[in-house]
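The values are calculated or read from the model by the stated rules, or taken from the named source; none is laboratory data. These numbers come from a predicted model, not from an experiment. Positions of Cβ are generated from backbone atoms using ideal geometry, with glycine treated the same way; all protein chains shown enter the neighbour counts.
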Amino acid sequence: PLILGIETSCDETGIGVVRGHTLLADAVASSVEEHARFGGVVPEVASRAHLEAMVPTLERACETAGIQLRDVDAIAVTSGPGLAGALMVGVAAAKALAVGLGKPIYGVNHLAAHVAVDQLEHGPLPEPCLALLVSGGHSSLLRVTDVTTGVDPLGATIDDAAGEAFDKVARLLGLPFPGGPHIDRAARDGDSVYVDFPRGLTSRKDLERHRFDFSFSGLKTAVARWVEARERSGEPVPVNDVAASFQEAVCDVLTRKAIDAAVTEGIEDILIGGGVAANSRLRAMAEERAAARGIRVRVPRPGLCTDNGAMVAALGSEMVRRGRTPSALDLPADSSLPVTEVLV
Ligand code: ATP
Ligand code: MG
Ligand code: FE
């Protein structure tokens, strides 16, 4: 079956076309540049950008896939979580298509879609697997027994998301938004042990209550303090070294907890997704540390890690393949959809 996926949870308007595990088109229009001068995503700006981008992106996806809309067998759309107004645009478009074409609609969870997308690159998902999802809005560890019905949270951030920390620290260092790729690049020429930044929620006491949770706001504050002290002393800030030391602290905690969770749960496959999964140090460290424990790591290529429509189509494709019941036509856009609700 041919599945069309629609993603509008944040600042990317994504339309993907998938047949089985095969990706036919992945058209993405991002409004990230419109948010850059605000240093973060502005919800109203994102909603309006989705409205403007929806039809052209849909046309581009169909053209790339070489299909007509009437060829589509089912529509999948991100129902949540995300920005309420942004989600509404995608859900409304999906409903219009479903009604117009007379095809079933599947309202799916954005986080599960970040997991399902890996199938398009590396084939059938290993189940169970342990998913580490790290993006601008989320940082979670999930146990995935069935990507269409069984996604359970083991832990999540208690304050900032990992990508948010990258973006805020980049700003402190005078690097452009979004900061992740810039920190990644600066860190390549930096010394990762130049500053010993704190590893959030790793003390013995914190581990008792927050074994698989993350905290990045203390790290961000530590970087801010360090940079301020350096500036007060009149010495230049070694941007590459601070970037490398910060990145090392984030990757250390993410990989340590992901591997601990996999070992504890007896899971042999870790899947990393979300925009931060594009980070070169995170990929290298995860592979090295997991291999030492006999655990495999799968990371989709960077273009599939950041928000896109292909991931939604990939999850929709699994819903159809596994015979799940489609959503009702009045399905909601739910900004706080819990991760356990994979299909609404
Ligand atoms: P959501 O959280 O809803 O998925 P989002 O738009 O914030 O939405 P993504 O598009 O998946 O999430 O990811 C964007 C984030 O990924 C940004 O915070 C960005 O800085 C970060 N990022 C992108 N590339 C890298 C990289 N190479 N290293 C570290 N962080 C990166
Ligand atoms: Mg984004
Ligand atoms: Fe996302």
TODO: State yes or no: is Ser317 within 21 Å of Thr145 (Cβ to Cβ), in a helix (DSSP H, G or I) and not hydrophobic (A, V, I, L, M, F, W, C)?
DONE: yes
Open item on the list: Can you go through Pro300, Pro326, Pro332 and tell me which one is within 16 Å of ligand 2 (Cβ to nearest atom), outside any helix (DSSP H, G or I), of a type outside the set (Asp, Glu) and at pLDDT 95 or above?
Closed with: Pro300
Open item on the list: I want to confirm something. Restricting to segment 138-147 and keeping residues that are over 17 Å from Asp252 (Cβ atoms) and buried (at least 21 other Cβ atoms within 10 Å of the Cβ), which single residue is modelled with the lowest pLDDT?
Closed with: His138
TODO: Return the residue satisfying two criteria in turn: it lies in segment 149-186 and is within 16 Å of ligand 3 (Cβ to nearest atom) and among the β-branched types (Val, Ile, Thr), and of such residues it is farthest from the chain's Cα centre (by Cα).
DONE: Val151
- [ ] Starting from residues that are in a loop (DSSP other than H, G, I, E, B) and within 16 Å of ligand 2 (Cβ to nearest atom), keep the ones in segment 1-36 and report whichever is farthest from Ala314 (Cα to Cα).
- [x] Ser31
Open item on the list: Being more than 30 Å from Leu125 (Cβ to Cβ) and assigned to a loop (DSSP other than H, G, I, E, B): is that true of Val227 here?
Closed with: no
Open item on the list: Let me spell it out: the conditions are (1) more than 16 Å from ligand 2 (Cβ to nearest atom); (2) farther than 26 Å from Pro338 by Cβ; (3) surrounded by fewer than 19 Cβ atoms within 10 Å (Cβ to Cβ), and Asp206 meets all of them except one. Which number is the exception?
Closed with: (2)
Open item on the list: Condition first: assigned to a loop (DSSP other than H, G, I, E, B), in contact (Cβ under 8 Å) with a residue 24 or more places away in the chain and over 17 Å from the mean Cα position of the chain (by Cα). Can you find one or more residues in segment 243-265 that meet it?
Closed with: no
TODO: For segment 137-145, state whether one or more residues are basic (Lys, Arg) and within 24 Å of Arg230 (Cα to Cα).
DONE: no
TODO: Inspect segment 186-197 for any residue being aliphatic (A, V, I, L, M), surrounded by fewer than 17 Cβ atoms within 10 Å (Cβ to Cβ), assigned to a loop (DSSP other than H, G, I, E, B) and free of Cβ contacts under 8 Å to residues at least 60 places away in the same chain and give the result as yes or no.
DONE: yes
Open item on the list: Looking only at segment 321-338, count every residue that is surrounded by fewer than 20 Cβ atoms within 10 Å (Cβ to Cβ) and either over 22 Å from His21 (Cβ atoms) or among the β-branched types (Val, Ile, Thr) (or both) and tell me the total.
Closed with: 9
TODO: State the number of residues belonging to segment 154-171 that are in a helix (DSSP H, G or I) and surrounded by 20 or more Cβ atoms within 10 Å (Cβ to Cβ).
DONE: 9
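Of the residues that make up segment 119-133, is at least one over 30 Å from Ile259 (Cβ atoms) and either in a strand (DSSP E or B) or not basic (Lys, Arg) (or both)?
no
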Task: Matching entry among Val99, Val77, Val55 (being at negative phi and crowded, with 18+ Cβ neighbours inside 10 Å) - done: Val77
Open item on the list: Please determine whether any residue of segment 248-255 is modelled with pLDDT of 95 or more, under 15 Å from Leu142 (Cα atoms) and surrounded by 21 or more Cβ atoms within 10 Å (Cβ to Cβ).
Closed with: yes
Task: Subset tally (residues that are among the hydrophobic types (A, V, I, L, M, F, W, C), within 16 Å of ligand 2 (Cβ to nearest atom) and touching a Ser or Thr at 6+ places or on another chain (Cβ under 7 Å)) for segment 121-161 - done: 2
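Say whether the condition of being in contact with an Asp or Glu (Cβ under 6 Å, 6 or more places away or on another chain), closer than 29 Å to Ala86 by Cβ and not acidic (Asp, Glu) is met by at least one residue in segment 291-299.
There is at least one residue in segment 291-299 that is in contact with an Asp or Glu (Cβ under 6 Å, 6 or more places away or on another chain), closer than 29 Å to Ala86 by Cβ and not acidic (Asp, Glu).
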TODO: For segment 1-39, name all the residues that are at pLDDT below 95, over 16 Å from the mean Cα position of the chain (by Cα) and either among the acidic types (Asp, Glu) or within 16 Å of ligand 3 (Cβ to nearest atom) (or both).
DONE: Ser31, Glu33, Glu34, His35
Open item on the list: Quick check on segment 189-197. Is at least one of its residues closer than 17 Å to Asp241 by Cβ and among the aliphatic types (A, V, I, L, M)?
Closed with: yes
